[in-house]
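Inspection log for the structure reproduced underneath, given as structure tokens.
The values are calculated or read from the model by the stated rules, or taken from the named source; none is laboratory data. Keep in mind it's a predicted model, so treat the numbers as computed, not measured. Here Cβ is always computed from backbone atoms with ideal geometry, including for glycine, and neighbour counts include all displayed protein chains.
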Amino acid sequence: MRNLILRRRFGILVLVILSFLSLNLISSQVREFATSISSPLQVSLWQAGKNISTFFGGGSLRTENEVLRQENFALLQKLISLQDVERENEELRRMLDLGLAEEFRMVMAEVIGKNLVEDVITIRGGQNQGIQKGMSVIASGTIAVGKVVESFSDHARVQLISADEARTDAQIAGTETTGVVRGAGGQKLMFDLVPQEDELGVGDMVVTSNLGGVFPKNLLIGEITEILKAGSDPFQKASVKPFFSLKSLETVFVITSLRP
Amino acid sequence: MKQAIVLFLVFYVFALLQMSFFVHLFPNGLVPNLIILSVVLLSIFERRGSYASFVAALFGGFLLDVFSGGVIGLWALGLGFASLLIKLILEDYVRFPILKKF
């Protein structure tokens with residue numbers, strides 16, 4: 001008898017479970033039905049709850065809190081924008097101090113994309129801002145960065161001097177030693193085609209020369225870290241550590257023309 | 001049967017209250033779940049041999065399932081199981097001398 005009762009209860013339990021699970025086959029209909037018959041009551045309860053909370057002040061406080069939160073976010077956004085403007089001003093001021101702005105016409109552009117593999121950056125600024133293909137790009141502190149290889153209406157792609165195909169005429173600062181800085185990819189530079197008889201030293205500063213016509217003279221390129229000499233080779237070369245850092249590069253200046 | 005209908009209606013009202021009324025009264029979204037509270041209390045205080053709390057758990061769980069958007073039966077079977085577990089523990093180890101009406 002006890003077994004029979006237990007078996008019956010077990011059967012009912014299985015039936016209940018199966019019923020619940022089978023409802024999932026028509027779950028959308030079940031939910032639609034439940035929602036449709038509940039919605040009038042739900043609307044009334046919603047309104048009642050709202051009225052009560054407003055009556056006791058909770059509602060107005062919450063609304064006020066929400067408004068203040070929104071204002072706080074707006075102010076925070078403004079603060080971030082102002083910090084950006086301050087940073088840009090600082091960079092512009094630095095360029096003016098260096099006298100470059102008197103010598104060249106420059107357009108400031110924000111870096112909006114970086115391709116660390118190809119040593120290419122995308123800047124916000126293009127033909128509409130007077131940026132054309134072939135223009136040289138520098139960073140604050142008169143550091144040579146690269147040249148514009150593609151210019152669109154509001155964006156441009158800049159090939160860095162460290163890109164594989166990039167070639168920049170250069171010289172050792174304060175000397176007559178000239179050569180070509182070749183990009184070696186991955187932000188590495190090689191100072192090449194330097195005559196064997198010229199003196200190179202670790203720590204020497206490499207700057208642009210005006211031979212190539214891409215960059216103005218005396219823009220900073222990098223510092224020699226290692227000299228590579230081969231006896232049979234008529235030229236010597238050296239590894240150069242660039243002064244610009246691709247990772248921290250955020251703003252650049254495109255030299256659009258020389259001032260008359 | 002009458003008791004089951006009453007339970008279902010009460011739990012239906014509880015579900016609607018939770019979703020539409022209490023959300024305005026309790027800040028930070030911490031709304032008490034009346035259905036779970038009721039099932040737990042019923043399971044604790046109902047008399048021995050009664051399965052009203054189990055039936056209530058199935059009803060309440062079903063309503064939570066329908067209004068939640070998840071798998072139908074998850075809440076129902078979960079609450080039913082919880083109710084049986086509470087009863088099992090209480091019947092074997094604990095005695096409450098009060099509220100023997102259910």
Is it the case that some residue within the range A:179-202 is free of Cβ contacts under 8 Å to residues at least 12 places away in the same chain and in the same structural domain as A:Phe244 (by TED's automatic domain parsing)?
yes
Just to be sure, is B:Gly80 buried (at least 23 other Cβ atoms within 10 Å of the Cβ), in contact (Cβ under 8 Å) with a residue 24 or more places away in the chain, within 30 Å of A:Asn51 (Cβ to Cβ) and of a type outside the set (Phe, Trp, Tyr)?
no
Would you please list the contacts, defined by Cβ atoms under 6 Å and residues six or more apart or on different chains, that run from a residue in the range B:46-64 that is of a type in the set (Asp, Glu) to a residue that is surrounded by fewer than 24 Cβ atoms within 10 Å (Cβ to Cβ)?
B:Glu46/B:Ala52; B:Glu46/B:Phe102
Tally of residues being within 25 Å of the chain's Cα centre (by Cα), assigned to a loop (DSSP other than H, G, I, E, B) and over 15 Å from A:Ile138 (Cβ atoms) across the range A:204-247
1
Which of the residues belonging to the range A:44-71 are at pLDDT 80 or above and exposed (fewer than 13 other Cβ atoms within 10 Å of the Cβ)?
A:Leu68, A:Glu71
Within the range A:207-234, take every residue that is under 14 Å from A:Gln171 (Cβ atoms) and of a type in the set (Ser, Thr, Tyr) and give me the one that is surrounded by the most Cβ atoms within 10 Å (Cβ to Cβ).
A:Thr208
Look at the range B:13-50 and say how many of its residues are aromatic (Phe, Trp, Tyr) and at the interface with chain A (Cβ under 8 Å from one of its Cβ atoms).
2
Which ones in the range B:45-72 are outside any helix (DSSP H, G or I) and either touching a Cys at 6+ places or on another chain (Cβ under 6 Å) or crowded, with 23+ Cβ neighbours inside 10 Å (or both)?
B:Glu46, B:Ile72
